[in-house]
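Scroll down for the structure; my scribbles are underneath it.
The values are calculated or read from the model by the stated rules, or taken from the named source; none is laboratory data. Bear in mind that the values here come from a model prediction, so they are computed numbers and not experimental data. Cβ placement follows ideal geometry from the backbone for every residue including glycine, while neighbour counts extend to all protein chains displayed.
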Amino acid sequence: MWHTQRFMPGRLTCACLALAAIPSSLPQSKPAAVAPAAPFPSRETLTYSVEWRLIYAGDARLTLEPKASTGQQAWESKLHIESGGLVSKLYKLEDNYEIEMEDQFCTNSTSLNALERTKHRETKVVYDRTKGKANYVERDLLKNSITKTSEIDIPGCVTDIIGGLYKLRTLKLEPGQSGQLSLSDGKKSVSARVEAQQREQIKTKAGTFNTIRYEAYVFNGALFARKAELQIWLTDDARRLPVQIRARMGFPIGSITLELDKEEHL
């Protein structure tokens, strides 16, 4: 991953855009712990630390759960982002994002409850695959008012930015290969290019991982207007774990990085 001038799917863009503040230094990485090799997709909880210019800025937790369904495989994912350290004094943030998906991670609906500084907003998007429409509604919960609505055309299978991260994990692109992802934030629908760039070894608190680095071209007027680069490091194994996600933006924000602290398959 996965409002173009703020942070979300804008603010939530793979959680990368959500935090930009200050504090303590990162703990050093340690040798990889032995973890069950659960192939993707499967039930998982991924916990990340968020850095801004190598400084701790908060935490993120991303879960994926299978759901009972009479038809094709259904999934529910939840993303919780919370500012930490001094950032809570400078930029208090607590976002909760929920996604309902089915059939190869096609998104059915998303819901964002965003508490950021003095603002409290709720954004819901319903993706109606039978009608080929996405309906977007944003509310100001403090004023109890609707601030924005829209309806757009969508293809038969489209994903939100977090669903796009799951979709990318299924593609298994090798370095030098590229693919396309149908993405939407409810206000815009695009076919975004993703590129497998090279193999790299990445160290995080969760351990040392052999990965493939990908770049998703979702910024610079594609899905989001902001000028930035989005890179994602997936493990080069059956788990396809996103162990690192980085958004490189210009001044004054700079780079924001999510690094995997822990993975659980319960």
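Under 6 Å between Cβ atoms, at least 6 apart or on separate chains: pull out the pairs that start in segment 156-177 with a residue that is acidic (Asp, Glu) and end on any residue that is at pLDDT below 95.
160/9
One residue is enough: does segment 200-214 have a residue meeting the conditions over 23 Å from residue 105 (Cβ atoms), in contact with a Ser or Thr (Cβ under 9 Å, 6 or more places away or on another chain) and part of a loop (DSSP other than H, G, I, E, B)? Give the derivation first.
Initially, segment 200-214 is screened for residues over 23 Å from residue 105 (Cβ atoms), giving 200-208, 210.
Now narrow it down to the ones that are in contact with a Ser or Thr (Cβ under 9 Å, 6 or more places away or on another chain): 200-208, 210.
This time we only want the ones that are part of a loop (DSSP other than H, G, I, E, B), so: 205-206.
Looking for residues that are over 23 Å from residue 105 (Cβ atoms), in contact with a Ser or Thr (Cβ under 9 Å, 6 or more places away or on another chain) and part of a loop (DSSP other than H, G, I, E, B), one finds at least one in segment 200-214, hence yes.
Okay, residues lined up against (1) modelled with pLDDT of 95 or more; (2) of a type in the set (Lys, Arg):
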position: 49; (1), (2): yes, no
position: 52; (1), (2): no, no
position: 56; (1), (2): no, no
position: 65; (1), (2): yes, no
position: 78; (1), (2): yes, yes
position: 83; (1), (2): no, no
position: 87; (1), (2): no, no
position: 90; (1), (2): no, no
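Here are some residues: 192, 196. Which one is aliphatic (A, V, I, L, M), more than 17 Å from the chain's Cα centre (by Cα) and surrounded by 16 or more Cβ atoms within 10 Å (Cβ to Cβ)?
The unique qualifying residue is 196.
Only one of (1) over 23 Å from residue 42 (Cβ atoms); (2) surrounded by fewer than 18 Cβ atoms within 10 Å (Cβ to Cβ) fails for residue 173. Which number is that?
If we test residue 173 against (1) over 23 Å from residue 42 (Cβ atoms); (2) surrounded by fewer than 18 Cβ atoms within 10 Å (Cβ to Cβ), just (1) comes out false.
Give the residues of segment 117-134 that are crowded, with 17+ Cβ neighbours inside 10 Å, more than 26 Å from residue 90 (Cα to Cα) and of a type outside the set (Val, Ile, Thr), sorted by residue number.
Listed by number, the residues that qualify are 127, 129, 134.
If you scan segment 236-249, which residues turn out to be farther than 12 Å from residue 168 by Cα, of a type outside the set (A, V, I, L, M, F, W, C) and assigned to a strand (DSSP E or B)?
Correct list: 244, 246, 248.
Residues in segment 146-175 that are closer than 15 Å to residue 218 by Cα, in contact with a Cys (Cβ under 9 Å, 6 or more places away or on another chain) and either assigned to a loop (DSSP other than H, G, I, E, B) or modelled with pLDDT under 95 (or both): how many?
Selection size over segment 146-175: 1.
Would you confirm whether any residue within segment 136-152 is under 26 Å from residue 253 (Cα atoms) and crowded, with 16+ Cβ neighbours inside 10 Å?
yes
Residue-wise test of (1) crowded, with 16+ Cβ neighbours inside 10 Å; (2) within 24 Å of residue 123 (Cα to Cα).
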| residue | (1), (2) |
| --- | --- |
| 182 | yes, yes |
| 211 | yes, no |
| 231 | yes, no |
| 248 | yes, no |
| 261 | yes, no |
| 264 | no, no |
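Looking only at segment 88-107, how many residues end up being farther than 14 Å from residue 167 by Cα and not hydrophobic (A, V, I, L, M, F, W, C)?
Qualifying residue count, segment 88-107: 9.
Could you identify the single residue in 211, 170 that is over 17 Å from the mean Cα position of the chain (by Cα) and hydroxyl-bearing (Ser, Thr, Tyr)?
Details: 170 fails: over 17 Å from the mean Cα position of the chain (by Cα).
So the residue among 211, 170 that is over 17 Å from the mean Cα position of the chain (by Cα) and hydroxyl-bearing (Ser, Thr, Tyr) is 211.
Among the residues of segment 72-82, write down those that are over 16 Å from the mean Cα position of the chain (by Cα) and buried (at least 16 other Cβ atoms within 10 Å of the Cβ).
Within segment 72-82, 74 is the sole residue that qualifies.
Check whether at least one residue in segment 106-123 is touching a Phe, Trp or Tyr at 6+ places or on another chain (Cβ under 8 Å), within 26 Å of residue 64 (Cβ to Cβ) and at pLDDT below 95, and report yes or no.
Checked segment 106-123: at least one residue is touching a Phe, Trp or Tyr at 6+ places or on another chain (Cβ under 8 Å), within 26 Å of residue 64 (Cβ to Cβ) and at pLDDT below 95.
Assess whether residue 102 counts as being under 27 Å from residue 215 (Cα atoms), among the acidic types (Asp, Glu) and within 20 Å of the chain's Cα centre (by Cα). Spell out how you get there, then give the answer.
Details: under 27 Å from residue 215 (Cα atoms): yes; among the acidic types (Asp, Glu): yes; within 20 Å of the chain's Cα centre (by Cα): yes.
For residue 102, the condition - under 27 Å from residue 215 (Cα atoms), among the acidic types (Asp, Glu) and within 20 Å of the chain's Cα centre (by Cα) - is met.
For residue 223, are the conditions met, namely being surrounded by 22 or more Cβ atoms within 10 Å (Cβ to Cβ) and not in a loop (DSSP other than H, G, I, E, B)?
no
Across segment 38-89, what is the total count of residues that are among the aliphatic types (A, V, I, L, M), in a strand (DSSP E or B) and either touching a strand residue (DSSP E or B) at 6+ places or on another chain (Cβ under 7 Å) or more than 26 Å from residue 115 (Cβ to Cβ) (or both)?
9
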